[in-house]
1. Residues to consider are A:Leu99, A:Leu156, A:Leu77; find the one that is more than 22 Å from A:Arg61 (Cα to Cα), more than 16 Å from DNA strand C (Cβ to nearest atom) and not charged (D, E, K, R).
2. Report whether or not B:Gln164 is within 14 Å of chain A (Cβ to nearest Cβ), out of contact with any strand residue (DSSP E or B) (no Cβ under 6 Å at 6 or more places or on another chain) and more than 16 Å from DNA strand D (Cβ to nearest atom).
3. Are there strands (runs of 3 or more DSSP E) fully within segment A:1-86 with at least 3 residues that are over 15 Å from the mean Cα position of the chain (by Cα)? List them.
4. Just to be sure I understand, how many residues within segment A:206-220 are open to solvent by less than 40 Å² (accessible area, probe 1.4 Å) and within 16 Å of DNA strand D (Cβ to nearest atom)?
5. Of the conditions (1) open to solvent by less than 40 Å² (accessible area, probe 1.4 Å); (2) touching a helix residue (DSSP H, G or I) at 6+ places or on another chain (Cβ under 6 Å), A:Ala128 fails just one. Which one is it?
6. Could we say that B:Gln117 is open to solvent by 50 Å² or more (accessible area, probe 1.4 Å), more than 13 Å from the chain's Cα centre (by Cα) and not assigned by TED's automatic domain parsing to the domain that holds B:Val17 here?
7. Could you please find all residues in segment A:190-229 being touching a strand residue (DSSP E or B) at 6+ places or on another chain (Cβ under 7 Å) and of a type in the set (Asp, Glu)?
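The values are calculated or read from the model by the stated rules, or taken from the named source; none is laboratory data. Just so it is clear, the structure is predicted and the values come from calculations on it, not from any experiment. Counting neighbours? That spans all protein chains shown, and the Cβs are built from the backbone with ideal geometry, glycine included. Heavy atoms of the whole protein, side chains included, go into the accessibility calculation; ligands, DNA and RNA do not. Shrake-Rupley method; radii C 1.70, N 1.55, O 1.52, S 1.80 Å.
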Protein chains: 2
Amino acid sequence: MKHVYEYPRAALTVDCVVFGFDGGELKLLLIERGLAPFKGCWALPGGFVRVDETLDQAALRELEEETGLEKVFLEQLYTFSSVDRDPRERVISVAYYALTKLADHRTRAATDAADAQWFPIPDVPSLAFDHADILTTAIQRLRGKLRYEPIGFELLPAKFTLSQLQQLYEAVLGTELDKRNFRKKVLGFDLLIPLNETHREGAHRPAQLFRFDPVRYGKLKKKGFLFEL
Amino acid sequence: MKHVYEYPRAALTVDCVVFGFDGGELKLLLIERGLAPFKGCWALPGGFVRVDETLDQAALRELEEETGLEKVFLEQLYTFSSVDRDPRERVISVAYYALTKLADHRTRAATDAADAQWFPIPDVPSLAFDHADILTTAIQRLRGKLRYEPIGFELLPAKFTLSQLQQLYEAVLGTELDKRNFRKKVLGFDLLIPLNETHREGAHRPAQLFRFDPVRYGKLKKKGFLFEL
DNA sequence: CCAAAAGTGTTCGCGTTACACCCATGT
DNA sequence: ACATGGGTGTAACGCGAACACTTTTGG
């Protein structure tokens, strides 16, 4: 392929803000950099975009290479372009955020990438490059999206209880929610299918398990339905 | 500046979806391409990003160069990266959307750029590259943002009437709104300052003019206030 | 005096909120 | 039996939706 415009070009990277939820708090997946610059620092997983792949593909590829994660929910966040965001040269980075079912991936991520680690959001160390800015943007976006699109389920196991769902919303939004009102509203959408299973844990009554019905959501959405919590 | 990673690089462009509102309908600013590819086609204003400028700067610069527009509201939209979106070579484009006060700029844009023209959204011709996709994304974003952030004022003159504001909302959202309810709600926010001026036009009662108070909005926003229509 | 848009209040219904007790289980 | 989280209904309130007439101007 011929290069028509022979001006110096910025390099292009993708960086991924990977969220997980472990039943109590929101977590972030970071990798420890093995190379300069910022050697030894924690950073968002990511890397250079190849000339023959889309940004989505690059993000998925980097995620798999660096953390072992596959088939996660992934959405473009924002493109960061401060001139000095990389000390080496001009690098523009397209940020993504990913939502993962922590329970499914915890072990794999830990083994595949020895230098990958989950941090509770409040305990996130200082980050390389402008990754702290990216993280801030991602958290804002997650909060916003969670309120009017059913993406929270991407952070929960396929089968979950209403309490888990509520805890997730409380953790991400940073508010307390009324149990009865929350259940009434969520179940009113008719998007959760009760399973013939219960979740047993600890010395108390077992909880009904549900799964989210994405097909039904797709239909409702087309009719102008708005998921809003 | 040294190039550390000597792999082939995609070229980077910015493209701007420029909206205007003329008191009845939403319009889009396009330029006619003078060069191949898509010579003679209509396209979004935009161009290549220089290695020493941010994306925001590039968007503002291109807008000024190609359309004469300055000091418009500008916000990053999405980054488009289909491998074949440009027939020449790999080009990744960061799209922006801009909101302009049509009344202020109509003449300038027409004179500075002979090949720039405003189109009502329904009459937009077929566009070069993947610009139709970009436009679709921009319209969705505009609709979404308009409902929960006070960006509509960017499309109106500094002094405007409540009817103009309502028409804007109706045009963008594609719905009819109740006049009394609309006024009640908007004025209830206490973000519009009534001026000692009226808007006279045609054979009817003159309308009260208002201006938006961005400072007050900033304060309210910090306190968790949500502008929502 | 007529046309055309500006401006103004009230009622009704539904959705959000607030709130407390019993249930099923494990130890 | 007791500790722990699961599960349930109702009443008050507030906000959004529906709705029609008077006012001011120019022609």
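1. On the way: A:Leu99 fails: more than 22 Å from A:Arg61 (Cα to Cα); A:Leu77 fails: more than 22 Å from A:Arg61 (Cα to Cα).
After ruling out the rest, the residue left standing is A:Leu156.
2. Working: within 14 Å of chain A (Cβ to nearest Cβ): no; out of contact with any strand residue (DSSP E or B) (no Cβ under 6 Å at 6 or more places or on another chain): yes; more than 16 Å from DNA strand D (Cβ to nearest atom): yes.
Spelling it out, it is not the case that B:Gln164 is within 14 Å of chain A (Cβ to nearest Cβ), out of contact with any strand residue (DSSP E or B) (no Cβ under 6 Å at 6 or more places or on another chain) and more than 16 Å from DNA strand D (Cβ to nearest atom).
3. Working: elements: A:11-21, A:26-32, A:46-48, A:73-80.
Output list reads A:11-21.
4. Step one: filter segment A:206-220 for residues open to solvent by less than 40 Å² (accessible area, probe 1.4 Å), giving A:207, A:209-210, A:212-213, A:217-218, A:220.
Going one step further and asking which of them are within 16 Å of DNA strand D (Cβ to nearest atom), we end up with A:207, A:209-210, A:212.
The total comes to 4.
5. Evaluating A:Ala128 over (1) open to solvent by less than 40 Å² (accessible area, probe 1.4 Å); (2) touching a helix residue (DSSP H, G or I) at 6+ places or on another chain (Cβ under 6 Å) leaves (2) as the failure.
6. Details: open to solvent by 50 Å² or more (accessible area, probe 1.4 Å): yes; more than 13 Å from the chain's Cα centre (by Cα): yes; not assigned by TED's automatic domain parsing to the domain that holds B:Val17: no.
The answer is no for B:Gln117.
7. The first filter runs over segment A:190-229 and keeps only residues touching a strand residue (DSSP E or B) at 6+ places or on another chain (Cβ under 7 Å), leaving A:191-195, A:197-199, A:206-213.
Residues satisfying the conditions are A:Glu197, A:Asp213.
Residue-by-condition table, conditions (1) under 21 Å from the mean Cα position of the chain (by Cα); (2) free of Cβ contacts under 8 Å to residues at least 40 places away in the same chain:
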residue: A:Leu156; (1), (2): yes, no
residue: A:Phe189; (1), (2): no, yes
residue: A:Arg200; (1), (2): no, yes
residue: A:Ala203; (1), (2): no, yes
residue: A:Phe210; (1), (2): no, no
residue: A:Leu226; (1), (2): no, no
